[in-house]
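Enquirer: There's a structure below that I have some questions on.
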Amino acid sequence: MALTWTHKDRGEIRVHENLEELSIDLVDYIAEISEASIKEHGVFCIALSGGSLINLMGFLDRSPNGFFNRKLVEPPYNKIVDWAKWYVFWADERVVGKNHDDSNYKLAKDTLLSKVNVFPRHICSINDTVSAEDAATEYEFAIRQMVKTRTVTASENSDCPKFDLILLGMGSDGHVASLFPNHPALEVKDDWVTFLTDSPKPPPERITFTLPVINSAASVVVVATGETKANAVHLAIDDLPSLESSLSLPARMVQPSSGNLIWFMDKPAGSKLEGFKFSG
């Protein structure tokens, strides 16, 4: 059973006993937000990230350990989830070909999008034939057009889109999307999408949502697993003296202005949190 509490400033924290429990809870949450968003305004606009997050959503037929038993592509979710109302975006993407193994699009397509009935025209990926700068500009323009036509809701508090759900993984350095510690991309305020040509992690060329867009979402989920994430989780969530290391941590800068922030993690990742206690 998960240990759950709400931090006064840092949202809801859910520390799970194991990856299976985390996966089930995460998939339940996505299905709930999808259903609520469609009831409220007719569509569900979700932004994905890459890496292990996609696997934890239960999209794969089986995990390396073979135990994920709930997947969005299987009952009960394939009956509950109205895939035709989904619009899929990426909070960050590597500027590589769509068939490249580093592509977040390819990962999502292979494990989810090819198995469900999301309309191809509702899958909003980057142009992989242009430079990182041009890919970011084109992606932002496409999102702006969708806000203009009210497919994507506009934020009430800023000149930003209000995605129903943005899903973010977190690195051991505290990066989210492709926003890395001390990188100039963290300071971009006027653009919705920016680009990197010098990512600290390969591949070097990427596009990413900016912090104002992430913080305008109706719900933001940050997922962290494994002991290597424990220190970053601590710096991102706990009340600390004004340490430079925590204030400049991208994960700590995720702070939805009027939306929900939910942290999903396993016990090793949550082990350094002040609120971490498991009985027995």
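Enquirer: In the neighborhood of residue 178, defined by Cβ-to-Cβ distances under 9 Å, what is the net charge if each Lys or Arg adds +1 and each Asp or Glu adds -1?
Expert: For residues surrounding residue 178, the net value is +1.
Enquirer: How much mean residue ellipticity at 222 nm does the chain get from its helices, if each DSSP H run of length 4 or more adds -39500 (n - 2.57) and you divide by all residues, to the nearest 500 deg cm²/dmol?
Expert: Result for the chain: -7000 deg cm²/dmol, rounded to the nearest 500.
Enquirer: Okay, next question. For q = 0.10, 0.13 Å⁻¹, what log10 I(q)/I(0) does the chain give under the Debye formula with an equal point scatterer on each alpha carbon and no solvent?
Expert: With no solvent term, the Cα-only Debye profile gives -0.48, -0.85.
Enquirer: Can you list the residues, at least 5 places off or on another chain, whose amide H is less than 5 Å from the amide H of residue 87, using H built in the peptide plane?
Expert: Sorted by chain and number, the residues that satisfy this are 44, 45, 46.
Enquirer: Which of the peptides 165-171, 205-211 is most tightly packed, and how do the rest follow, judged by the mean count of other Cβ atoms within 10 Å per residue?
Expert: In decreasing order of mean packing, 165-171, 205-211 become 205-211, 165-171.
Enquirer: From the phi angles alone, apply the Karplus equation (6.51, -1.76, 1.60; θ = phi - 60°) to segment 198-204 and give each ³J(HN,Hα) in whole Hz, x where the residue is Gly or Pro.
Expert: 9, 4, x, 10, x, x, x
Enquirer: So how do 96-105, 232-241 stack up, highest first, on mean other-Cβ count within 10 Å?
Expert: 232-241, 96-105
Enquirer: By Kyte-Doolittle mean hydropathy of at least -0.5 and Cα axial length of at least 27 Å, which whole DSSP H helices of the chain are selected?
Expert: In the chain, the long hydrophobic H runs are 19-41.
Enquirer: Residue 154's amide H: which non-local residues (gap 5+, or another chain) put their own amide H closer than 5 Å, with H modeled 1.01 Å from N in plane and none for Pro or chain starts?
Expert: For residue 154, whose amide H was placed from the backbone, the distant partners under 5 Å are 162.
Enquirer: So, with +1 on the Cβ of K and R and -1 on the Cβ of D and E, and no other charges, what is the size of the charge dipole of the chain about its Cα centre, to the nearest 20 debye?
Expert: 600 debye
Enquirer: What ranking do 135-147, 117-129 get when scored by the average of other Cβ atoms within 10 Å per residue, highest first?
Expert: Top to bottom by mean Cβ count within 10 Å: 135-147, 117-129.
Enquirer: From the backbone phi of segment 122-127, what are the Karplus-calculated ³J(HN,Hα) couplings (6.51 cos²θ - 1.76 cosθ + 1.60, θ = phi - 60°) in whole Hz, Gly and Pro given as x?
Expert: For segment 122-127, the Karplus curve yields 8, 9, 9, 9, 7, 7 Hz.
Enquirer: Say a paramagnetic label sat at a point 7 Å from the Cα of residue 7, along Cα to Cβ; which residues of segment 166-205 have their backbone N under 17 Å from it?
Expert: 168-177, 181
Enquirer: Using Cα-Cα distances under 8 Å and only pairs 6 or more residues apart, what relative contact order does the chain have, in percent?
Expert: Relative contact order, the chain: 21 percent.
Enquirer: What are the residues whose amide H is under 5 Å from the amide H of residue 92, where those residues sit 5 or more places off or on another chain and H is modelled from the backbone?
Expert: The list, which skips near neighbours in sequence, is 209.
Only the coordinates and a few stated rules stand behind these numbers; no lab work does. These numbers were taken from a predicted model, which means no experiment stands behind them. Quick reminder, even Gly has a Cβ in these numbers, built from the backbone with ideal geometry, and neighbours come from all protein chains shown.
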